[in-house]
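The values are calculated or read from the model by the stated rules, or taken from the named source; none is laboratory data. None of these values were measured; they are calculated from a predicted model. Ideal geometry is used to build each Cβ from the backbone, glycine not excepted, and the neighbour counts take in all protein chains shown. These accessible areas exclude ligands, DNA and RNA; they are computed on the full protein's heavy atoms, side chains included. Shrake-Rupley method; radii C 1.70, N 1.55, O 1.52, S 1.80 Å.
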Amino acid sequence: MKVPRFDKQADSVSVANSTEESVTTDSLSVFIAGAINVANNKWNACYWKNDTLHNLDQKHSIAYDLSKHDSKIIVAGEHEGKPCYWEDGNLNVIDNKRNGKVQAIGSYNGKLYLVGSVYEDNDNFRAFVWKDGVMTFLNNHKGYASDISFRGNDIFISGMDSEKPCFWKNGERTFLSDKFGHGYGIETTAFDVYVVGEYRPTNGGYFLAGYWKNGIFISPTGNTAYILNFGVRENVVYLLGSKYLGGEDEKAVVIRGSETTILDGGHSLSQANDIAFNGRDEYVLGSRNHLVGKENYSNVCYWINNKQRVLKTPYQSQGSAIFLEKLLN
C-alpha cells in the first residue's frame, strides 16, 4: 500500500507539455494491454493495437501484460478474479479453484512463462511461475511474483515474500531488504540484476522508492515520487510513476538517472506505468484524468519522446503494459 511522500524538489525537473494527436509509427505496431470501465466499475480486459481497441472479455477482467509468442498475441491478467491469459483472444484460466492474477509474461527458448499470485485464503497469497501448463509456487506465505527476466539459462523473477522485497533466481530467493516493501519489476543485463521497488525503513514511516542494482539500493527520488515500474537501456535506469506537486496535483514522471521530467503538465492527475524502447525513441505508457461534465475520467495515453498521444474511447480506461513489434520491410 502506498503512503504519501513529502513534497521535495528533485535535482533537475523539466516539464513536457506537447501533445500529438497524430503520431506516425510506420515501422512499428504499438500494443497496449489494459481495461475499459464499461459500467459502474465493471472493467473488461482489452488491448489496443495502433490505437484501435480490441475487447477480450465481457466479464469483469483486467489485462496486465502483453507479448508475442509463436506469432500469437498473448495477454495476461485476471478473469472474474481468476488468473488467466488470452491467446489470440481465446481465454485460458490457469487456476479455476483459487483467486489471483497473472502479472507478467515471459517467452524464452520457445516456452511461454507466466508469473503472478494466487490466494489460498484471505490471508495467504503465494507467488507462482507457470510453464507448460504447470504452476510452481515460489514461496509459502504472503508473496507475489511481479515480473520475469532471462539471462543465459537463468530465470529471474521479482516480487515480494513474507512482506519483503525479493527476487528469485532459478527458484532460489534473495531478499533485498529486511523491511516491509515491494519488488515491482526486474531487468537483467550481462553483469547486472536490477529490481525496481520500495521499502519502509521504519514501521509506519514513509516508503523509499528506487531500485536495487545487484542488491544495492539506489533512490534518486527518496520519498518524493511514487515509482511503479522501470526500464533499463545502456545501463541507464528509467524510473516511472508519479510525482506529488502540491494540492491535488500528482503528475506522470519519468526519471532518467538524476533528470526528472514531468510528462503531463496540463492535468492534475496522471501517472506513468511502463516503458519500451525503439532505438533512441522512448515510448512511455500512462494515464491522465480529464473532466467529462463534472466527473473525472481516466484515459490511457502514451508519450513518444515526451509527446503525448491519448487513446480515445467512450469509456474510462487504464493501461498496464506497452509492447512494440517491429514491422518487416
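Which one of these does residue 27 not meet: (1) under 22 Å from residue 277 (Cα atoms); (2) modelled with pLDDT of 90 or more; (3) among the hydroxyl-bearing types (Ser, Thr, Tyr)?
(2)
Given 142, 179, which one is buried (at least 17 other Cβ atoms within 10 Å of the Cβ) and basic (Lys, Arg)?
Matching residue, one of 142, 179: 179.
Please specify each residue of the range 81-90 satisfying the condition of being more than 19 Å from residue 131 (Cβ to Cβ) and in contact with a strand residue (DSSP E or B) (Cβ under 7 Å, 6 or more places away or on another chain).
88
Find the strands (runs of 3 or more DSSP E) located wholly in the range 133-195 whose residues include 1 or more that are within 19 Å of residue 105 (Cα to Cα), and list them.
In the range 133-195, 134-137, 143-151, 154-161, 164-169, 181-188 are the strands (runs of 3 or more DSSP E) which contain 1 or more residues that are within 19 Å of residue 105 (Cα to Cα).
How many residues are over 22 Å from the mean Cα position of the chain (by Cα) and open to solvent by less than 20 Å² (accessible area, probe 1.4 Å) if we restrict to the range 92-123?
1
Please work out which residue is farthest from residue 66 (Cα to Cα), limiting yourself to the range 311-324 and to residues that are open to solvent by 20 Å² or more (accessible area, probe 1.4 Å) and within 18 Å of the chain's Cα centre (by Cα).
318
For a quick check of your reading of the model, give me the residue pairs whose first member lies in the range 213-232 and is touching a residue at least 24 places away in the same chain (Cβ under 8 Å), whose second is outside any strand (DSSP E or B) and of a type in the set (Phe, Trp, Tyr), with beta-carbon atoms closer than 7 Å and at least 6 apart or on different chains.
Hits for this filter: 223/6; 223/206; 223/207; 224/6.
Condition first: modelled with pLDDT under 85 and within 20 Å of residue 262 (Cβ to Cβ). Now tell me which residues in the range 292-321 satisfy that.
Hit for the range 292-321 is 296, nothing else.
Looking at 62, 73, which is the one that is in contact (Cβ under 8 Å) with a residue 60 or more places away in the chain and in contact with an Asp or Glu (Cβ under 7 Å, 6 or more places away or on another chain)?
62 is the lone residue from the list that is in contact (Cβ under 8 Å) with a residue 60 or more places away in the chain and in contact with an Asp or Glu (Cβ under 7 Å, 6 or more places away or on another chain).
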